[in-house]
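Here is the structure we will look at.
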Amino acid sequence: MSVADRLQKIFRTVMEDDDLVLTDDLTAADVPAWDSLAQVSLMFSIESEFGLQFEDDQLTSFDNVGELRRFVEQHAAV
Amino acid sequence: MNTTNARIQELLSDVAGQAVPTGGACAELARAYQRSGVPAQALRWAYTVCDVSERLVDWLAAASVVRACLPRTSGLPRQVRVAVLGSYTTVQFTALLPLAAARAGVAVEVYESGYGQYRQEILDPASGLYAFDPDVVILATHAGVLDLPVAAADPEAEVERELSRWTSLWDTIGQRCGARVVQHTFAVPPEEPLGHLAARTSGSRSAMTHALNARLGAAAGPHVALVDCERLAAAVGKRTWFDARYWLRSKQAVSLACVPLLARHTAAVVASGLGRSRKCLVLDLDNTLWGGVLGEEGLGGIQLGHGAVGEAYTAFQEYVLALKNRGVLLAVASKNDPEDAREVFRRHPDMRLTLDDIAVFSAGWDDKATQLRRIAATLGIGLDSLVFVDDNPAEREAIRQLVPEVDVLPLPRDPAGYPRALADYPLFEPAALTAEDAARTELYRARARAAQLRQDSVSLEAFLASLDMVASVVALDEPALARTAALIGKTNQFNLTGRRRSGTEVAALKDDPGHVVLCVRLRDRFADHGLVGVLIGAVEADGDGNRRMRIDTWLLSCRVIGRTLEHEMLRLLADAAAARGCRRLVGSYVPTARNALVADLYPRLGFEPDGDPGARSWTLDVEKTPPGPGYITIDKPAKDST
């Protein structure tokens, strides 16, 4: 599975929305379930899935899904 | 639908080839079955996630399946109301607990206190906790809330004082609603200022925390159960248990890597208290209790007691024997010649288990489902009391399908992992070791209770008074403005209007004579909570030619909810309003998804409904501002600061 597909799977699980489709310009403001607590579960799940660690401020600083995806593609261990 | 069914077949053939299926595959199967409208299978795979996975994302998926599918099946044997009172962010724990509880045979309805509100919820008789009327109260607490010094001159007194803080909370819960308490013990942080000297210093913080855990265990009566977080944290590693980044970012005192584990163990303890623990371990023989096949290799050929493989089976037998010695029934279900099988128990020198340890010995050529039914009937217990252990995945799957009441332990391929697989299995959790043990504990408890006799009976009022709280108005320099903007941006619960003023707006308003911006910090005996309250008022014309002040924004950080700070803030605002010639304060409540907590704030503070009550607008004569309850001293800023 591509990074984008794996990210989409994590997003769908955390947001409990099987129809959620990730696009690069998607932000938290576009997804009602994407609140600050979902953000924490999301970032943690991405860290475990891809074997990476975000810097402290990155836990909340990605502007949109595209930026997050590009970061993961560059830093994923697996 | 067809693609879903094809995917199910694909996943089923994947997991059939795995000794222990992966959590990801099980979670996906659960969701796929849910989509196909087969709730029983969806639940089965969701429960398997609990057994085989520690991954948050698998658990979140399985928990969502349970939420959707449990109501559509015939339900579970027990239903209980569980309140989670946390000293840290328990949102994920609370979301996963119903999954782990359902896995243990208990349907739970959960109530979650606001972040860090455990003490206020327990002490306030009118709290949401008591309105919920719980059967079980889980105190999900962490060492960060303990008031223990780095090094104590009188460690025993420190531990006793801390102990009575917790036991008095247990007693209050017991008296007010009779709920059973499940207390998480305190994971001792690995950072120790005294270094290795701490190990030989009873006054070190880590030694006192260990002592407190032991004292909590000794003080827990029959209505209090412990979940030993210190042991769980040590098992996974303290550096895994606590991740500072997630603590700092969202006050997770238990890393999300460990919340599934914590939910599983907490649910097991809850289920055990309801008599839902399993009673009997049913053991296969070949490649389960010893290596090799007895019918082929004979008594001398099986692997037991010697070499890496033989010793692994011995270690497993020793763990099984320890379970038996503390009350778990043992049975054998084997496809073997019965006499040959018994002969191994009698004659093999390295067998740790003897025939006397086995309550029912079933060996023969009947299929295992039949043997399990016979074992349950012989012992006079239900099939739902049995746990089946077999190295053969096909036998395990047959039992899951034919006798679903029986619990099946997923055993790894390598026998070196057997003892751990059994040790990690949570549903043998004993409620008490023996009846006498329980009776003795009860006696101990009654005595302790009489001795204590409410000398430290703590009321909410006494607790608040003991905090020595001091509030002060903060001068709005740049850091304070940044903190104010952040607080406005993220506060959801105590937030009257949900209006999100930006930092730039606040900076402009503070210099505008038509506005009042009140930012308040609070400290108490234990901690300085920093800038935690924001109240913005706007001067406007009243109908009768006078002025009034409209409350534009009012919020409190959730870490200080229940501290009565809102009363003091209101008085500060009333003073500021009067100074600007306002006769009345006007406030409105704008409901959002999370702010029901403050729906009745204005009437609680003495405001009158403004026009029809449905309008959610309230008014207060500035001169009638009620005096606060008096738990907080106001530290007035120096005159020149404005």
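The values are calculated or read from the model by the stated rules, or taken from the named source; none is laboratory data. In this text the structure is predicted, and so the values were computed from the model without any measurement. FYI the Cβ positions are ideal-geometry reconstructions off the backbone, even for glycines, and counts take in every protein chain you see. Only protein heavy atoms, including side chains, enter the accessible area calculation; ligands, DNA and RNA are left aside. Shrake-Rupley method; radii C 1.70, N 1.55, O 1.52, S 1.80 Å.
Pop the C-beta distance of B:Arg347 and B:Glu397 into the FRET formula with R0 = 35 Å and round what comes out to the nearest 0.05.
On the way: r = 33 Å, r/R0 = 0.95.
That pair, B:Arg347 with B:Glu397, gives E of 0.55.
Within the protein assembly as shown, DSSP assigns beta bridges of which about 45% are antiparallel (rounded to the nearest 5).
Close amide H partners of B:Thr553, meaning residues 5 or more places away or on another chain with modelled amide H under 5 Å apart, are B:Ile536.
Average accessible surface for the protein assembly as shown: 44 Å² per residue, computed with a 1.4 Å probe over protein heavy atoms with every protein chain in place.
Annotation: region B:76-273 has a Kirkwood hydrodynamic radius of 17.1 angstrom, from the mean reciprocal C-alpha pair distance.
Across the options B:Ile358, B:Gly310, B:Ala394, the greatest Cα extent toward the positive end of the charge dipole of region B:280-464 (unit charges at beta carbon of Lys, Arg, Asp, Glu) belongs to B:Ile358.
Compute the relative contact order of region B:241-325 as a whole-number percentage, counting only Cα pairs closer than 8 Å that sit 6 or more residues apart in sequence.
Relative CO of region B:241-325 lands at 14 percent.
Counting only Cβ charges, +1 for Lys and Arg and -1 for Asp and Glu, the dipole size of the protein assembly as shown around its Cα centre is about 1400 debye. In the complete set of protein chains, residue-level accessible area for A:Thr60 is approximately 80 Å², probe 1.4 angstrom. Please say if region B:311-365 is rounded, prolate or oblate, where rounded means a/c under 1.5 for a ≥ b ≥ c the square roots of the C-alpha gyration tensor eigenvalues, and otherwise the choice is prolate for a/b larger than b/c and oblate otherwise? Verdict is oblate for region B:311-365. Given axes a ≥ b ≥ c from the Cα gyration tensor, I'd like to know whether region B:467-635 is rounded (a/c under 1.5), prolate (a/b larger than b/c) or oblate. Rounded, since a/c falls under 1.5.
Interface residues of region A:3-20, defined as a loss of at least 40 Å² in heavy-atom accessible area between the chain alone and the complex of all protein chains with a 1.4 Å probe, are A:Thr13, A:Glu16, A:Asp18.
Inter-part distance, region B:481-517 to region B:25-65, computed on C-alpha centroids, equals 43 Å. Computed over the alpha-carbon pairs of chain B, the distance histogram in 20 Å steps reads 16, 41, 30, 11, 2, 0 percent, short to long. FRET efficiency for the A:Gln53 to B:Arg420 pair, using the beta carbon distance and R₀ = 41 Å, is estimated at 0.90. Oblate is the label for region B:51-95, because a/c, from the alpha-carbon gyration tensor with a ≥ b ≥ c as root eigenvalues, is 1.5 or above and a/b does not exceed b/c. Whole-Hz Karplus values for region B:292-303 come out as x, 10, 4, x, 9, 9, x, 3, x, x, 6, 9 Hz, taken residue by residue from phi with 6.51 cos²θ - 1.76 cosθ + 1.60 and θ = phi - 60°; glycine and proline positions read x.
Across all directions of projection, what mean area in square nanometres is found for the Cα convex hull of region A:3-75? The partial results should precede the final answer.
Working: hull surface 16.9 nm².
If you wrap the Cα atoms of region A:3-75 in a convex hull and average its projections, you get 4.2 nm².
Jot down the per residue volume, in cubic angstrom and as a whole number, of the convex hull over the alpha-carbon atoms of region B:1-73. Display every interim value, and only then the final one.
Details: hull volume 5.0 nm³, N = 73.
Considering the Cα atoms of region B:1-73, their hull volume per residue is 69 Å³.
Considering only the other residues whose Cβ falls under 12 Å of the Cβ of B:Val136, what net charge follows from Lys and Arg at +1 and Asp and Glu at -1? Computed value for this residue: 0. Normalised Debye scattering of region B:280-464 at q = 0.10, 0.13 Å⁻¹ gives log10 I(q)/I(0) of -0.47, -0.68, counting only Cα atoms as equal scatterers and leaving out solvent.
Restricting to bridges with both residues inside chain B, how much of the DSSP beta-bridge set is antiparallel, in percent to the nearest 5? Counting only bridges with both partners in chain B, antiparallel ones make up about 45 percent. Inter-label distance, B:Gln9 to B:Ala377: 3.8 nm, where each label sits 7 Å from its Cα along the C-beta direction. Accessible area of the protein assembly as shown with a 1.4 Å probe: how many percent of it is carbon plus sulfur? Carbon and sulfur atoms account for 51 percent of the accessible area of the protein assembly as shown.
3J(HN,Hα) couplings calculated from phi for region B:402-413 with the Karplus curve 6.51 cos²θ - 1.76 cosθ + 1.60 (θ = phi - 60°) are, in sequence order, 7, 10, x, 5, 6, 8, 10, 7, x, 9, x, 5 Hz; Gly and Pro show x. Couplings for region B:131-147, taken from phi via the Karplus curve 6.51 cos²θ - 1.76 cosθ + 1.60 with θ = phi - 60°, read 5, 6, 6, x, 8, 9, 10, 9, 9, 8, 10, 10, 4, x, 8, 6, 9 Hz in order; Gly and Pro are left as x. To the nearest ten degrees, helix B:259-273 and the longest principal axis of the Cα atoms of chain B are 70 degrees apart. For the protein assembly as shown, lysine pairs with C-alpha atoms less than 23 angstrom apart, excluding pairs fewer than eight positions apart on the same chain, total 12.
Scanning chain B for chymotrypsin sites (Phe, Trp or Tyr not before Pro) in DSSP loops with at most 12 other Cβ atoms within 10 Å, what's the longest stretch left with none?
On the way: sites that count: B:Trp365, B:Phe526.
The segment B:1-364 is the longest one with no such site.
Computed with the Debye formula from one identical point scatterer per Cα of the protein assembly as shown, without solvent, the log10 of I(q)/I(0) at q = 0.11 Å⁻¹ comes to -1.28. The charge dipole of region B:467-635, taken about the Cα centre with unit charges on the Cβ atoms of Lys, Arg (+1) and Asp, Glu (-1), comes to about 440 debye, rounded to the nearest 20. The residue among A:Ser48, B:Ala462, B:Gly291 whose Cα reaches farthest toward the positive pole of the charge dipole of the protein assembly as shown, with charges on the beta-carbon of Lys, Arg, Asp and Glu, is B:Ala462.
With +1 on each Lys and Arg Cβ and -1 on each Asp and Glu Cβ, and nothing else charged, work out how big the dipole of region B:280-464 is about its Cα centre, in Debye to the nearest 20. Display every interim value, and only then the final one.
On the way: 19 positive and 30 negative charges, 160 e Å.
The dipole magnitude comes to about 760 debye.
Comparing the full protein assembly with the isolated chain, the residues of region B:230-246 losing at least 10 square angstrom of accessible surface (1.4 Å probe) are B:Arg245, B:Tyr246.
Bridges between two residues of region B:280-464, per DSSP, are antiparallel at a rate of about 5%.
On association of chains A and B, roughly 1900 Å² of accessible area becomes buried (total for both chains; probe 1.4 Å).
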